[in-house]
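Colleague: I'd like to ask some things about the structure below.
The values are calculated or read from the model by the stated rules, or taken from the named source; none is laboratory data. Bear in mind that the values here come from a model prediction, so they are computed numbers and not experimental data. Using ideal geometry, Cβ is built from the backbone for each residue, glycine included, and neighbour counts are taken over all protein chains shown. Accessible surface areas use protein heavy atoms only, side chains included; no ligands, DNA or RNA. Shrake-Rupley method; radii C 1.70, N 1.55, O 1.52, S 1.80 Å.
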Protein chains: 2
Amino acid sequence: MQLFDYFRSSASYRVRIALRLKGLDCEQVGVNLLKSEHKAEPHLARNPQGFVPALALDSGEILTQSLAIIEYLDEVYPQTPLLPKDAVGRARVRALAQIIACDIHPVDNLRVLKYITSEFGVSEAQKTTWYQHWIEEGFAAFETRLAEKSTGAFCHGDNPSLADLCLVPQVFNAQRFNVDLSPFPRLMAIYQRCEMLDTFKLARPEHQPDAI
Amino acid sequence: MQLFDYFRSSASYRVRIALRLKGLDCEQVGVNLLKSEHKAEPHLARNPQGFVPALALDSGEILTQSLAIIEYLDEVYPQTPLLPKDAVGRARVRALAQIIACDIHPVDNLRVLKYITSEFGVSEAQKTTWYQHWIEEGFAAFETRLAEKSTGAFCHGDNPSLADLCLVPQVFNAQRFNVDLSPFPRLMAIYQRCEMLDTFKLARPEHQPDAI
């Protein structure tokens, strides 16, 4: 397998954690977003959205969208499952993941930040407020849900799941943009527990081959 | 089961199609977004994000996030499956669904439109351009992917899947906001095929009990 990614992409970061948790070998190929490599061939042939990550399977198929890739890995490589066995638990983990992957991350994506700067002429300060706002709103709901009884040492029970894989890169981004994380103690306790695991640590942006 | 929804919510619309395709009985309870009912109790107790849809199970559990709800329904009620049997096909259907559910819909969500109006002071024309822009960008990638050989009468093969459930409400929105859909002939052919089915038609906003 080959993972086309970018060290700072948090969607790629989720997939990197999944690959490490499952102990899968995967060659990483950097797609430099700053050089707009994602908007040119050969990357557009891999993913017409021009986004990373894209996972090329040995069969030649190319998978896109981080959540879809992680569900694929979980189905094909069932070791270290990333979703619980019961349907209600699976729905909870997917919903937690989607709070981040649908309702925070896409609104704070680079292409959106570029749009509000170029089309609406917003200042750096307004851009930072925007970025922080969507994280704070999503994290507040996430924190409330972590009070539910199915939360354990991790977001769902005592093993990392798809929800933790989404949470950790989003906290990383929140820290980069100086979001005040003190209102989210449950969320941060889980983040810190994840960060003690080598599988999560080695997936961090600064440890990737294309990190600058 | 009880579905807390709003007739115009496209995330709710996806779930309504899934319930109809599976032939499931479900009471619909309108949460009036214009009256801000989603931001008050009792809805916040159902979903701290304040979003619709939320699906209350007979067991008392409440599920949130439309994609997580649909995957739950597909696991528990396997009739009329909404995902293909093979892992690569499942990854493709989920990725198509996520182009819409992650990369178009959340950026065009009401809360985001309100933010750019109140905080950035954008005009009605700028708001419409924003709305159309994210649909056009996402639909262009979606259209390209529909050239893949696994596309059939519907987005994946010859039966509706999770991808079609996301596509139809997004086209509905695109039409409301006067997006030029002529660049997307494959996507529109599938939309029209879906719209010939009663299951899709009856889930349309204007046919819901809370429609105004």
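Colleague: What does the average come to when, for each residue of peptide B:130-142, you count the partner chain Cβ atoms lying within 10 Å of its Cβ? Intermediate values should be presented prior to the final figure.
Modeller: Values: counts 5, 0, 0, 3, 4, 0, 0, 3, 1, 0, 2, 7, 2.
For peptide B:130-142, the averaged partner shielding equals 2.
Colleague: Something else about it: For peptide A:99-108, compute the average count of partner chain beta-carbon atoms within 10 Å of each residue's beta-carbon.
Modeller: On the way: counts 7, 0, 6, 13, 9, 1, 3, 11, 6, 1.
Per residue, the number of nearby Cβ atoms from other chains is 6 on average.
Colleague: Ok, one more. Starting from the Kirkwood Rh over alpha-carbon pairs, what translational D in µm² s⁻¹ does region B:2-80 have by Stokes-Einstein at 37 °C and 0.692 mPa s? Mind showing how you got there, number by number?
Modeller: On the way: Rh = 12.5 Å.
So the translational diffusion coefficient is about 262 µm²/s.
Colleague: Might you report the magnitude of the Cβ-based charge dipole of region A:2-80 about its Cα centre, with Lys and Arg at +1 and Asp and Glu at -1, to the nearest 20 debye? Display every interim value, and only then the final one.
Modeller: Values: 8 positive and 10 negative charges, 81 e Å.
Here region A:2-80 has a charge dipole of around 400 debye.
Colleague: Greater than 20 Å separation of Cα atoms is the criterion. Which listed pairs, A:K22/B:K149; B:K35/B:K114; A:K127/B:K114; A:K35/B:K149; A:K39/B:K114; A:K114/B:K127, meet it?
Modeller: On the way: A:K22/B:K149 30 Å; B:K35/B:K114 15 Å; A:K127/B:K114 16 Å; A:K35/B:K149 32 Å; A:K39/B:K114 30 Å; A:K114/B:K127 16 Å.
Beyond 20 Å between Cα atoms: A:K22/B:K149; A:K35/B:K149; A:K39/B:K114.
Colleague: Right, something else. If you take the charge dipole of chain B about its Cα centre, with +1 on Lys and Arg Cβ and -1 on Asp and Glu Cβ, which of B:N178, B:L57, B:V15 is farthest toward its positive end?
Modeller: With unit charges placed on the Cβ atoms, the residue in question is B:N178.
Colleague: Rounded to the nearest 5, what % of the DSSP beta bridges within chain A are antiparallel ones?
Modeller: Working: 6 of 11 bridges.
That works out to approximately 55 percent antiparallel.
Colleague: Just to confirm, what accessible area per residue do you get for the protein assembly as shown at 1.4 Å probe, in whole Å²? Kindly include the intermediate steps, with their values, before the conclusion.
Modeller: Numbers: 16810 Å² over 424 residues.
On a per-residue basis, 40 Å².
Colleague: In addition: At B:K114, label 7 Å along Cα→Cβ: distances to the other copies, nm, ascending?
Modeller: Counterpart label points of B:K114 in the remaining copies fall at 3.0 nm.
Colleague: About the Cα centre of region A:1-141, how large is the charge dipole given +1 on each Lys and Arg Cβ and -1 on each Asp and Glu Cβ? Please answer in debye to the nearest 20.
Modeller: Working: 15 positive and 17 negative charges, 33 e Å.
With only Lys, Arg, Asp and Glu charged at Cβ, the dipole is about 160 debye.
Colleague: For peptide B:60-71, compute the average count of partner chain beta-carbon atoms within 10 Å of each residue's beta-carbon.
Modeller: Mean inter-chain Cβ contacts per residue within 10 Å come to 6.
Colleague: Given points 7 Å out from each Cα along the Cα-Cβ axis, report the B:T129 to B:E27 separation in nanometres with one decimal.
Modeller: Once both label points are built, they end up 4.8 nm from each other.
Colleague: Considering only B:P106, B:P81, B:P53, give the residue with the highest GNM mean-square fluctuation for chain B, with springs between Cα atoms whenever their separation is below 10 Å.
Modeller: B:P106
Colleague: Quick one: grab the alpha carbon gyration tensor of chain A, order the square roots of its eigenvalues as a ≥ b ≥ c, and give me rounded if a/c is under 1.5, else prolate or oblate depending on whether a/b is larger than b/c. Intermediate results must be reported in sequence, preceding the final value.
Modeller: Details: a/c = 1.74, a/b = 1.05, b/c = 1.66.
Verdict is oblate for chain A.
Colleague: From largest accessible area down, sort A:C26, A:C155; use a 1.4 Å probe on the protein chains.
Modeller: On the way: A:C26 35, A:C155 0 Å².
Correct descending sequence by accessible area is A:C26, A:C155.
Colleague: While we're here: Give the calculated FRET efficiency between B:T117 and A:D58 to the nearest 0.05, with a Förster radius of 41 Å applied to their Cβ-Cβ distance. List each step's numbers first, then the result.
Modeller: On the way: r = 49 Å, r/R0 = 1.19.
Taking R0 as 41 Å, the efficiency between B:T117 and A:D58 is 0.25.
Colleague: What is the extension gain from A:D210 to A:E136, computed as 0.36 nm multiplied by their sequence separation minus the C-alpha to C-alpha distance, in nm to one decimal? Don't jump to the answer; show the numbers that get you there.
Modeller: Numbers: separation 74, 0.36 × 74 = 26.64 nm, distance 2.95 nm.
So the extension gain works out to 23.7 nm.
Colleague: Just check the protein assembly as shown against the gyration tensor rule for me: Cα atoms, a ≥ b ≥ c as the square roots of the eigenvalues, rounded for a/c under 1.5, and otherwise prolate or oblate depending on whether a/b exceeds b/c. Show your work: numbers first, answer last.
Modeller: On the way: a/c = 1.18, a/b = 1.16, b/c = 1.02.
Because its axes are fairly even, with a/c under 1.5, the protein assembly as shown counts as rounded.
Colleague: While we're here: Ordered shortest first, which distances in nm separate the 7 Å Cα→C-beta label point of A:K39 from those of the other copies?
Modeller: Result, one decimal in nm: 3.5.
Colleague: Taking the Cα centre of the protein assembly as shown as origin, work out the dipole magnitude from +1 charges on Lys and Arg Cβ and -1 charges on Asp and Glu Cβ, in debye rounded to 20.
Modeller: Details: 44 positive and 52 negative charges, 20 e Å.
Using Cβ point charges on Lys, Arg, Asp and Glu, the protein assembly as shown gives about 100 debye.
Colleague: Would you mind telling me the share, in percent, of accessible area of the protein assembly as shown contributed by carbon and sulfur at probe 1.4 angstrom? Display every interim value, and only then the final one.
Modeller: Working: 8710 of 16810 Å².
About 52 percent, which is the carbon plus sulfur part of the accessible surface.
Colleague: Still on this structure, I have one more. Nearest 5 is fine: what % of DSSP beta bridges in the protein assembly as shown come out antiparallel, could you say?
Modeller: Details: 12 of 22 bridges.
Bridges in the protein assembly as shown that DSSP calls antiparallel: roughly 55 percent.
Colleague: Distances in nm, one decimal, shortest first, from B:G157 to the same residue in every other copy, taking the label point 7 angstrom along Cα→Cβ.
Modeller: 2.8
Colleague: Rg/Rh for region B:117-212: what does it come to with C-alpha atoms and Rh from Kirkwood? Don't jump to the answer; show the numbers that get you there.
Modeller: Values: Rg = 15.1 Å, Rh = 14.7 Å.
The Rg/Rh ratio comes out at 1.03.
Colleague: Could you rank the peptides A:169-182, B:84-97, A:121-134 by their average count of other C-beta atoms within 10 Å per residue, with the highest value first? Write out the running numbers ahead of the final one.
Modeller: Details: A:169-182: 16.9, B:84-97: 20.9, A:121-134: 15.0.
Averaged packing, sorted descending, gives the order B:84-97, A:169-182, A:121-134.
Colleague: Still on this structure, I have one more. How far apart, in nm, are the 7 Å Cα→Cβ label points at A:L110 and A:T80?
Modeller: Modelled inter-label distance: 2.7 nm.
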